[in-house]
Amino acid sequence: MTRPSSAQPAPAPTPTSPPPGCPAHAGPAAVALSGPEFQTDPHAVHRAMRRDHGPVVPVELPGGIPAWLVIGYREVHRVTSDAELYPRDVSLWNQWPNIPDDWPLLPMVGRPLPSIYFTAGEEHRRHVRMVVPALEGADPFETRGHCEELADRLIDAVCGRGAADLVADFCEPLPVLVLARLVGFPDDEGADIARVLKDLADGGPEAQSAHLRFAEHMAKLVATKHAEPGNDITSRMLAFPEAFTDEEYMLDLMAITAAGHLTTADWISNSLRLMLTESEFGDSMARGRRSVGEATTEVLWEDTPTQILAGRWAVRDTRLGDHHIKAGDMLLLGLGAANTDPLIRQGAAAVAGAADASARSGSGAHLAFSHGEYRCPFPAQEIAETIVRTGIEVLLDRLPDLGLAVAAEDLVRRPSAFLRGTTSLPVRFTPVRTSGDPS
């Protein structure tokens with residue numbers, strides 16, 4: 001488990017002045033939403049933000065673009081519960097005149113597009129009516145079977161070596177291979193889609209080209225399933241009785257796959273990191289006192305893969321957390337910070353009668369999947385959970401003596417304030433036979 005540091009609170013990231021005429025916030029100095037402290041100790045960053053700004057923080061994105069980061073649990077709950085005042089409608093954004101075509105966060109923030117992720121109101125609900133049943137149609141036993149088969153295949157590739165990088169060799173490829181099967185891709189396209197989605201999520205210079213390659217994959221899949229439907233998510237979407245365009249199918253498939261890939265990969269790697277680096281947690285699992293499920297739930301509270309989710313846009317002027325929010329301002333959901341809000345921690349500990357994280361081991365009140373009308377659909381959550389738990393169970397069964405090959409302090413986090421993952425997880429283990437070898 002990640003615990004609060006005993007060191008002095010870290011200083012807040014470097015404050016910057018808002019651009020001249022900035023419509024979002026001209027009051028407190030904005031916090032630059034970048035820097036190594038978001039990777040090394042985000043909990044300390046969040047404490048500093050609360051100390052200096054409260055539950056709503058004026059922030060600055062690349063290029064001097066202003067926004068609000070909502071880090072209070074109650075405030076995130078309030079924003080996500082009011083889809084009329086704070087819809088996920090990017091067309092409302094008052095910063096569009098200042099956004100260049102090559103802005104690195106554009107694929108993550110999005111443009112006004114007809115997809116489940118970038119629509120609001122009745123149009124959003126129309127997409128939900130089509131997408132959610134298609135996801136629900138994935139048989140959980142078949143999904144688990146895919147996970148077991150593909151996890152075994154990935155482990156077979158490294159099990160004789162006695163060493164591996166779990167992120168590159170297991171955590172990142174497993175979700176995309178499973179998702180590729182579920183949406184209808186052949187297995188041999190999974191690896192390229194994984195590379196595309198990683199470039200997209202990192203928000204770096206390759207993000208724009210990755211977005212185009214991603215769209216090409218999905219357009220090809222839609223055309224293929226029109227001609228040869230099967231037992232997959234894409235075919236069920238195409239069979240839905242309401243009329244949708246091929247562009248809408250393509251964009252919804254992009255949203256499903258992108259939202260489910262790297263976040264699920266980071267959920268696996270963060271859970272394995274917890275087991276391998278926290279001796280108390282690892283010992284408890286070894287003695288049967290804690291389960292894989294408890295480890296994965298602990299990660300959703302303490303080390304959630306989606307730290308910041310973009311975004312919501314204010315329909316009109318309002319107030320939130322003692323700040324004046326103007327119409328068209330963007331609000332970023334600080335899901336990771338909200339999960340560690342001390343006000344919520346105190347309340348949970350009082351109810352449970354304990355102050356440690358084990359009090360939350362069975363709690364689903366975390367915000368890892370967001371909340372409200374635009375939360376991650378429940379069938380998608382269930383698919384992700386199946387991939388994570390099954391993958392970890394197969395890995396620990398096949399390689400029971402896994403151990404870190406480097407010091408825990410040498411593990412490096414992904415350079416993103418939005419996503420929380422580990423760039424590599426080097427391990428050693430006793431070499432074993434492949435799953436197909438005779439015993």
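Pull up all non-local amide H partners of VAL56: gap of 5 or more, or a different chain, and H-to-H distance under 5 Å with H placed in the peptide plane.
Those lying under 5 Å, H to H, from VAL56 are ILE71.
Whose amide H sits under 5 Å from the amide H of ALA29, counting only residues 5 or more places off or on another chain, with H placed in the peptide plane?
none
Can you tell me how much longer the chain between HIS226 and SER291 gets when fully stretched, taken as 0.36 nm per residue apart minus their C-alpha distance, in nm with one decimal?
19.1 nm
Counting other Cβ atoms within 10 Å, which trypsin sites (Lys or Arg not before Pro) in segment 371-439 have at most 15 and lie in a DSSP loop?
Those satisfying the criteria are ARG375, ARG433.
Return the loop-located trypsin sites (Lys or Arg not before Pro) in segment 143-208 (DSSP other than H, G, I, E, B) with at most 14 other Cβ atoms within 10 Å of their own Cβ; answer none if there are none.
Hits after loop and neighbour filter: ARG161.
Which one of LEU200, VAL178, ASN94 is farthest out on the positive end of the charge dipole of segment 15-428, using unit charges on Cβ (Lys, Arg +1; Asp, Glu -1) and the Cα centre as origin?
Value computed over the given set: ASN94.
What are the equivalent ellipsoid semi-axes of segment 15-428, built from the alpha-carbon gyration tensor (square roots of five times its eigenvalues), in whole angstrom, biggest first?
Value: 32, 28, 20 Å, ordered largest first.
Please give me the summed charge of the neighbours of GLY436: other residues whose Cβ is under 15 Å from its Cβ, Lys and Arg +1, Asp and Glu -1.
In short, -2.
Scan around THR422 for amide H atoms under 5 Å from its own, H built in the peptide plane at 1.01 Å from N, and keep only partners 5 or more places away or cross-chain.
The answer is ARG414.
Once phi is turned into ³J(HN,Hα) by the Karplus curve 6.51 cos²θ - 1.76 cosθ + 1.60 with θ = phi - 60°, what whole-Hz value does each residue of segment 208-213 show in order, with x for glycine and proline?
Running phi through 6.51 cos²θ - 1.76 cosθ + 1.60 with θ = phi - 60° gives 5, 5, 4, 4, 5, 5 Hz.
With a sphere of radius 15 Å drawn around the Cβ of THR80, what net charge do the other residues whose Cβ falls strictly inside it have (Lys, Arg +1; Asp, Glu -1)?
Numbers: positive: ARG74, ARG78, ARG88, ARG312, ARG375; negative: GLU75, ASP82, GLU84, ASP89, ASP341, GLU373.
Once positives and negatives cancel, what remains is -1.
Can you compute the modelled spin-label distance between ASP139 and ASP102, with each label point 7 Å from Cα toward Cβ, in nm?
Result: 5.0 nm between the two label points.
Once Lys and Arg get +1 and Asp and Glu get -1 on their Cβ, which of MET218, THR263, HIS43 lies farthest toward the positive end of the dipole of segment 15-428?
Checking the options against the dipole of segment 15-428, the answer is HIS43.
Considering only the other residues whose Cβ falls under 13 Å of the Cβ of ARG50, what net charge follows from Lys and Arg at +1 and Asp and Glu at -1?
Neighbour charge sum, excluding ARG50 itself: 0.
For segment 15-428, what is the charge dipole size about the Cα centre, in debye to the nearest 20, if Lys and Arg each add +1 at the Cβ and Asp and Glu each add -1 at the Cβ?
Its charge dipole is roughly 980 debye.
Here, each number is a calculation from the coordinates, and none is a lab measurement. Every value quoted in this text rests on a predicted model; they were computed, and no experiment measured them. Note: ideal-geometry Cβ built from the backbone for every residue, glycine included; neighbour counts use all protein chains shown.
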